[in-house]
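Asker: First, the structure itself, so that you have it in front of you.
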Amino acid sequence: RTAGVDTARLNVVKPVVDTVVARLSKRRPMPQFKVDNADWSLKRKAKRYRQFIVGEMMESCFEELSPMALRDGTIEGTGITRIDDTEDDIFAERVYRDELLIDPRETKYGKPWQVQRVIRVARDVLIDKYPKHKAAIQMAPAATRRPNESYDDPDMKDGQSSSLDGYVDVIIAHRRPSFRDAKNGRVA
């Protein structure tokens with residue numbers, strides 16, 4: 001700059017992240033069944049199971065979300081894709097790290113028993129999705145601004161934050177089963 005030449009404005013990290021994601025996302029993790037020493041009928045079943053699971057993964061958008069989770073992992077340090085089932089299908093979705101609440105006392109020993117996911121959803125969307133619970137949704141408290149929210153809010157003017165009255169924080173809780181065959185470890 002002192003010589004009269006502008007400093008280079010290069011984002012060196014972006015091409016590195018793009019290269020890592022492009023190369024590693026080519027190696028798609030897919031399920032396999034190891035049936036080397038099995039008879040022919042068991043090998044045939046394993047092949048059909050694998051085809052079914054791969055088909056479900058492709059239908060649930062897992063293939064599209066996997067590179068996004070890899071990109072999140074290279075930028076933020078953690079990339080999460082949640083795979084779960086509903087009453088009639090399997091689905092996959094991207095989970096952001098700042099949505100998760102985990103008790104640090106439980107993580108001290110490596111296997112936390114529970115995790116809560118806080119998702120901000122518009123009241124109108126919830127009412128459309130759950131019309132039977134319209135009164136409860138309207139009475140729910142407004143979403144609160146989290147201390148770790150660092151994104152720029154387009155509605156903020158002169159240091160004042162935008163209103164979150166039209167939004168509700170929805171909490172989805174997951175708990176591991178109490179013991180191996182317990183049936184108490186599902187989503188609450």
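The values are calculated or read from the model by the stated rules, or taken from the named source; none is laboratory data. Please read all numbers here as calculations on a predicted model, not as lab measurements. Cβ: placed from backbone, ideal geometry, glycine included. Neighbour counts: every protein chain shown. Just so you know, the surface numbers come from the protein's heavy atoms only, side chains and all, with ligands and any DNA or RNA stripped out. Shrake-Rupley method; radii C 1.70, N 1.55, O 1.52, S 1.80 Å.
Asker: Using a 1.4 Å probe on the protein heavy atoms only, what accessible surface does I75 show? Give it in Å² to the nearest 10.
Answerer: 110 Å²
Asker: Output wanted: per-residue J couplings in Hz (rounded whole) for region 92-97, from phi through Karplus 6.51 cos²θ - 1.76 cosθ + 1.60, θ = phi - 60°, x for Gly and Pro.
Answerer: 10, 8, 7, 10, 8, 4
Asker: What is the sum of charges around T107, taking Lys and Arg as +1, Asp and Glu as -1, for the other residues whose C-beta is under 15 Å from the C-beta of T107? Kindly include the intermediate steps, with their values, before the conclusion.
Answerer: Working: positive: R97, R105, K108, K111, R175, R176; negative: D103, E106.
Net of charged neighbours comes to +4.
Asker: Among the lysines, select those whose C-alpha is under 29 Å from the C-alpha of K26, and discard any that sit fewer than 8 residues away in the same chain.
Answerer: Counting by Cα, and skipping residues close in sequence, K26 has these lysines nearby: K14, K34, K43, K45, K47.
Asker: Is region 1-144 rounded, prolate or oblate when judged by the Cα gyration tensor, a ≥ b ≥ c being the square roots of its eigenvalues, rounded requiring a/c under 1.5 and prolate requiring a/b larger than b/c?
Answerer: On the way: a/c = 2.02, a/b = 1.10, b/c = 1.83.
Here region 1-144 falls in the oblate category.
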